[in-house]
Amino acid sequence: MTEHTHETVRAEVRAWLQANWDPNLGLVEWRTKLIDSGWGQPTWPTEWYGRGLPASLAPVVEDEMQRIGAVGIAKTGIRRLAAATILAHGTPAQKEKWLRRSMSGEDTWCQLFSEPGSGSDLAGAMTRAEFKGNRWVINGQKVWTTSAHHADWGLLLARTDWDVPKHQGLTYFVIDMHQPGVQVHPLRQMNGHASFNQVFFTDAEVPPEHQIDALGKGWAVATTTLMHERREADGIRTWGQATEGTGRVYNEERAETATVMEPYKWYPQRAGRVDLVIERAVATGKNHNPIVRQEVARLLTMAKSAEWTARRSRAAQLQGKPQGPEGSLGKLASSNVARLSAQVHTLITGADAMLTGVDSPMDGVIAEILVSVPAGSIAGGTDEIQRNIISERVLGMPKEPRSDNDRPFRDVPKNVVTPGR
Ligand SMILES: Cc1cc2nc3c(=O)[nH]c(=O)nc-3n(C[C@H](O)[C@H](O)[C@H](O)COP(=O)(O)OP(=O)(O)OC[C@H]3O[C@@H](n4cnc5c(N)ncnc54)[C@H](O)[C@@H]3O)c2cc1C
């Protein structure tokens with residue numbers, strides 16, 4: 001086996017890009033070449049569009065792509081979570097069907113996990129899947145489903161067995177979102193955006209070959225998806241931006257980003273915009289106020305230490321160490337930073353922080369920070385849930401007492417009435 005080094009990988013990817021990169025190709029055409037070469041996901045196995053490289057060498061490939069402004073595979077939206085989950089749990093036929101099209105950007109995805117009665121208690125999901133004839137029939141409701149309004153496929157967690165404890169009766173499916181049994185209704189948030197939706201299933205259908213992993217193994221598959229989601233919520237992620245450049249491939253990527261990133265355009269504000277704090281303090285003259293200076297220093301100290309923790313965790317990943325509970329530490333730290341940042345922005349801007357529209361501070365960005373920050377403490381598992389994980393898995397404290405894990409889910413008291421159950 002050839003030993004890969006930074007130098008050999010750099011030389012190989014550079015030579016391949018020199019021979020193949022062309023900004024005048026169509027976006028899908030270019031990405032298909034990139035995917036087939038294995039340079040699109042170099043850490044993936046060679047039989048599945050990768051080159052089997054260790055994670056520590058992936059930045060070399062990224063570096064070479066950025067050096068010449070080459071467009072990468074589609075990474076925005078839920079498709080990253082879908083691809084990672086299918087790569088880990090899918091059959092060869094499922095990988096064939098979905099991996100390439102997700103990376104080329106031809107397919108878009110959403111994550112159908114949360115329900116009106118089960119968010120933190122995700123294993124209490126009640127959307128049901130029943131096998132009838134030759135297919136699964138889905139009935140129930142999901143909620144807070146980001147991007148469901150333009151998704152082709154959904155990652156669906158549904159109950160297939162009511163007579164076993166709750167974690168054992170779930171199965172994971174991929175559902176086609178374009179069918180009459182699936183209805184998507186947008187929800188308007190307090191910041192004015194409508195990123196997520198309620199999704200209703202009425203006799204929606206899923207063919208058996210779209211079941212991911214074994215019957216009753218849905219919880220393990222969902223855990224893979226969530227692990228990847230939390231890993232990315234550590235405050236050092238960059239939001240999907242189109243590559244700068246002139247040519248057909250760039251134009252098509254810009255158009256794609258405008259649609260796919262639409263639901264996420266307030267996400268920088270959700271993170272608290274620590275980057276704007278000093279600029280605002282100077283602009284308002286509050287940088288001379290000792291209380292403001294003290295709070296700004298407190299915020300920047302907290303943000304810096306959260307960033308270093310996140311970088312340490314990334315470095316561990318790059319050395320091939322498995323993801324541990326540090327995903328929860330990073331997520332909790334970024335919620336704390338965002339909340340404090342909103343407070344500091346309020347201290348600097350005063351009551352005007354509540355204004356939106358023309359002539360408002362930073363054209364309403366400050367107000368948008370205030371009403372967007374709470375989302376970070378909820379999405380992908382609330383702060384309290386991260387604290388539970390940290391206390392149990394990092395600090396080794398006793399597990400929360402539970403009364404619903406050791407009896408059939410059918411007999412567990414529920415706060416949502418499901419007819420016939
Ligand atoms: C911006 C955003 C995007 C989202 N996108 C998606 C998506 O694409 N797909 C999807 O499926 N979901 C999505 N969600 C939903 C999200 O995963 C849930 O909102 C979250 O898991 C919390 O569930 P819940 O809203 O039902 O709150 P609940 O679970 O009802 O929690 C209510 C309160 O009780 C606390 N609590 C609950 N259980 C415990 C406990 N055991 N210990 C201590 N405290 C507890 C919680 O911390 C919270 O404060 C999104 C949410 C947001 C904000």
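Pick from segment 376-389 the residues that are more than 14 Å from Arg270 (Cα to Cα) and within 8 Å of the ligand (Cβ to nearest atom): which of them is surrounded by the fewest Cβ atoms within 10 Å (Cβ to Cβ)?
Glu384
Scanning segment 45-59 for any residue that is at pLDDT 95 or above, away from the ligand (no atom under 16 Å from the Cβ), touching a helix residue (DSSP H, G or I) at 6+ places or on another chain (Cβ under 8 Å) and of a type in the set (Ser, Thr, Tyr) turns up at least one such residue.
A single entry from Val412, Val373, Val365, Val394 fulfils the requirement of being among the hydrophobic types (A, V, I, L, M, F, W, C) and within 14 Å of the ligand (Cβ to nearest atom): Val373.
Can you name every residue in segment 144-159 that is over 10 Å from Phe113 (Cβ atoms), surrounded by fewer than 23 Cβ atoms within 10 Å (Cβ to Cβ) and within 12 Å of the ligand (Cβ to nearest atom)? Across segment 144-159, the qualifying residues are Thr146, His149. For segment 35-42, the criterion of being in a loop (DSSP other than H, G, I, E, B), in contact with a Lys or Arg (Cβ under 6 Å, 6 or more places away or on another chain), over 30 Å from Gln141 (Cα atoms) and of a type in the set (A, V, I, L, M, F, W, C) is met by no residue.
Note down all Cβ pairs under 8 Å where the first residue falls in segment 175-195 and is over 29 Å from Ser372 (Cα atoms) and touching a residue at least 24 places away in the same chain (Cβ under 8 Å), the second is away from the ligand (no atom under 11 Å from the Cβ) and assigned to a loop (DSSP other than H, G, I, E, B), and they're at least six residues apart or on different chains. Short answer, once both residue conditions are applied: Asp176/Asp152; His178/Asp152.
Where helices (runs of 4 or more DSSP H) fall wholly inside segment 198-291, the ranges with 1 or more residues that are under 22 Å from Thr85 (Cα atoms) and free of Cβ contacts under 8 Å to residues at least 40 places away in the same chain are 218-231.
Of all residues assigned to segment 124-140, at least one qualifies as being within 10 Å of the ligand (Cβ to nearest atom) and either surrounded by fewer than 16 Cβ atoms within 10 Å (Cβ to Cβ) or not β-branched (Val, Ile, Thr) (or both). Note on segment 43-55: residues that are assigned to a helix (DSSP H, G or I), in contact (Cβ under 8 Å) with a residue 40 or more places away in the chain and over 20 Å from Leu318 (Cβ atoms) total 1.
The values are calculated or read from the model by the stated rules, or taken from the named source; none is laboratory data. All figures in this text were calculated on a predicted structure; none of them were measured in a lab. With ideal geometry, Cβ positions are generated from the backbone for all residues, glycine too; neighbour counts draw on all protein chains shown.
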